[in-house]
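One structure is given here, and the rest of the page talks about it.
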Amino acid sequence: MEECISVFDMLKIGVGPSSSHTLGPWRGAERFLKELREENILGKVIRIKVDLFGSLSLTGKGHATDLAVMLGLTGADPEYIPIENIDKIIAEIKKSKQLPLAGETMIPFDMEADIVFNKNFLPFHSNGFSFTAYTADSEYESTFYSIGGGFVVKEERANAIKKEAIKCAFPFPIQNAVELLDYTIKENKSISEIVYENEKSMRTEENIHSELMRIWNTMLECMYIGCHSEGILPGGLNVRRRAFDMHQNLIGLANYSNPQEWLETIRKTEVKFRQILKWVSCFALAVNEVNASLGRVVTAPTNGSAGVIPAVLMYYMVIENHQAGEKEIKQFLMVAGEIGSIFKKGATISAAMGGCQAEIGVSSAMAAAALCELMGGEPAQVLMAAEIAMEHHLGMTCDPIGGLVQIPCIERNTMGAIKAINAAELALETDPKNAKVPLDKVINTMWETAKDMNTKYKETSEGGLAISVNMADC
C-alpha cells in the first residue's frame, strides 16, 4: 500500500535555519515531552541529557541544533513562538542554568554539559539524537531520527511501516509519478485537482483553503521581512544581507505599508530580463536570509531550500499574471507539495542522506512543476518540468561553510528558482511524447547518486567548500 503524505506535511511552518537540524530536533523534543507525560514521570525529572549524533553533531552548532532542542524541551512551538522571544529564552537558560521543562518544572540544565556532540553515526540515519531523562530512582531514554523536511521518526516505527500494509485514506493514493499521471488521465483532472481530492479526504475545504493561504502568507511575509532587513547574518561568517540592497535598487522610492501592498507595488515596476532575474533572486535571498537568522519560514521541502518555491510563485504573481490570486496560490502549492512527496517516497529530502540535490534539487523540481501547471501545462508536461529541474541538480553536494546554512546555501536558492522557471518553460515547449527521461527514472537516479556520494559531502562540513574556505577566511 502507498504512503500518504499531505501537502501540509511537505510545507511546514517553522523556525530556521534547518528543517532537519533545527525543526526536526525541536519536534523530537516535543515528542519526548509527550512520552514523559505518558510514562507519568514528567514531574519527577531532575535532569535531562541530550545526545546528538552524526550530521547533527558535526554541523549542529551552525544549524542551531543545540538551541532547538532546548526550545523544544521548554514546550515552545516553532510554528507559533514569537521570533523575538527566542534569544531571550536561550539567554535565560544559559544565564540561570535552569530549564523550564515543558514550561512547568524548572530543572538544572547546563548546555555545555547536558548537550553532547557525538561525531559517530547511528546506523539507521545520519541525523540521530536521543534524550535521557533522570529521576531520583530511574532513567528514561528515547532516540529519534530527523529524516529531512522536519519529519521525525523512531527506528521501530519506521521498520514497522516497512513491514505492515499502510492503510491510506486518499481516494488517489500516489507512490510515484506514473501513478499520478494515470489518475489525471483516468479522471480527466489536473494534478492540483487530484491532490485536492486527496486533501479533502482528511480536511474540510474551508480548512484546506485557510491553511494553504496561511502557508502563502507566511512565505510572503518572510520575503517582505528579508527585503526590508539589513545588516550581518549571525554565526561568525560575517555574511552581509544582500536582499535589502538589491530590493532598494529595484523598487526605488515606493510607498506601501504591508506585504500585500508591496506585492501590488512590484507589479508596477519595469519588466526586463535583467530585472526579472534580479527580482527572483531577491525574493529567494530574502527568504533564506530570514532563515539564517532563526526567522520563521516554510519548509519547502526543507528550510535550506525554503526560498525557491516562494520566489517562483512570487515571480508568477508579479511578472506573469497580475490577476493571480488565491486560486492560483492554492493550485501552485498543491502541485509543489505533491511533487515533493513523490521525491520523499522515492528518494530523500535530507541533505544528510543525499546532499544538496535532495534539498535545492527537489525544491526546484517542485517549483518547476507548479509553475508549469499555472502556465497551462498538461499533467505530462508538469511532470516533465519537475524532471528537467532535478536532472540539472543531480550530484549537488552539501558542504556548508562552518556548518551554517549561509554559504553556499543562500545563493543556491536563487539558482534553484531560476532553473525552475527555465525548466517550466522548456517543458511547455516540448511534446511529452518526445521525453527521454521520465520523472521516476530521475528520482531513482537521484537516490542511487545519493547512496554513492561520499559522506563528507552530505551536510557534515568535512569536504568541499566547507574545508576549502574556513571561518578565518571570512
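Here, each number is a calculation from the coordinates, and none is a lab measurement. Remember, predicted model here, so these are calculated numbers, not experimental data. Note that each Cβ is placed from the backbone with ideal geometry, even for glycine, and that neighbours are counted across all protein chains shown.
Details
- Viscosity 1.567 mPa s, temperature 4 °C, Stokes-Einstein D of the stretch 15-163 from Kirkwood C-alpha radius, µm²/s: 85 µm²/s
- Calculated log₁₀ intensity ratio I(q)/I(0) where the Debye formula runs over C-alpha points of the stretch 75-157, q = 0.14, 0.26 Å⁻¹: -0.67, -1.29
- Members of Lys61/Lys154; Lys88/Lys330; Lys44/Lys97 lying beyond 30 Å, as alpha-carbon distances in this model show: Lys88/Lys330
- The length gained on full extension between Thr204 and Lys97, counted as 0.36 nm times the residue separation minus their Cα-Cα distance, comes to 34.0 nm.
- The stretch 177-473 shape via C-alpha gyration tensor axes, a/c threshold 1.5: oblate
- Restricting the stretch 233-281 to chymotrypsin sites (Phe, Trp or Tyr not before Pro) in coil, as DSSP defines it, with at most 14 other Cβ within 10 Å: Tyr256
- Entry note, the chain: the mean residue ellipticity at 222 nm calculated from DSSP H runs of n ≥ 4, each adding -39500 (n - 2.57), is -15500 deg cm²/dmol after division by the residues and rounding to the nearest 500.
- Contour excess over end-to-end distance, with Cα ends at Asn217 and Glu79 and 0.36 nm allotted per residue: 48.3 nm
- Sites Glu155 and Glu197, calculated FRET efficiency, Cβ-Cβ separation with R0 30 Å, nearest 0.05: 0.35
- Given charges at Cβ of Lys, Arg, Asp, Glu: the chain dipole, positive-most of Gln323, Val178, Ile251: Ile251
- Relative packing of peptides 265-272, 209-216, 51-58, 396-403 - highest average C-beta neighbours within 10 Å first: 51-58, 396-403, 209-216, 265-272
- The Cα center of the stretch 250-266 and the Cα center of the stretch 103-123 differ in position by 45 Å.
- The modelled label-to-label distance for the pair Glu448/Glu139, using points 7 Å beyond Cα in the direction of Cβ, is 4.5 nm.
- Summed residue charge, Cβ within 14 Å of Ala324's Cβ, Lys/Arg positive, Asp/Glu negative: -2
- In plain terms, the C-alpha convex hull of the stretch 204-262 casts an average shadow of 5.6 nm² when viewed from every direction.
- The GluC sites (Glu not before Pro) of the stretch 405-452 that DSSP puts in a loop, and whose beta carbon has at most 15 other beta carbons within 10 Å, are Glu429.
- According to the Kirkwood relation over distinct C-alpha pairs, the hydrodynamic radius of the stretch 324-462 is 14.9 Å.
- Total charge dipole magnitude, the chain, about the Cα centre, Cβ charges on Lys, Arg, Asp, Glu only, Debye to nearest 20: 600 debye
- The stretch 1-63 versus the stretch 196-220: alpha-carbon centroid distance in Å: 24 Å
- Shape box of the stretch 402-474 [Cα atoms, principal axes, largest first, Å]: 52, 26, 15
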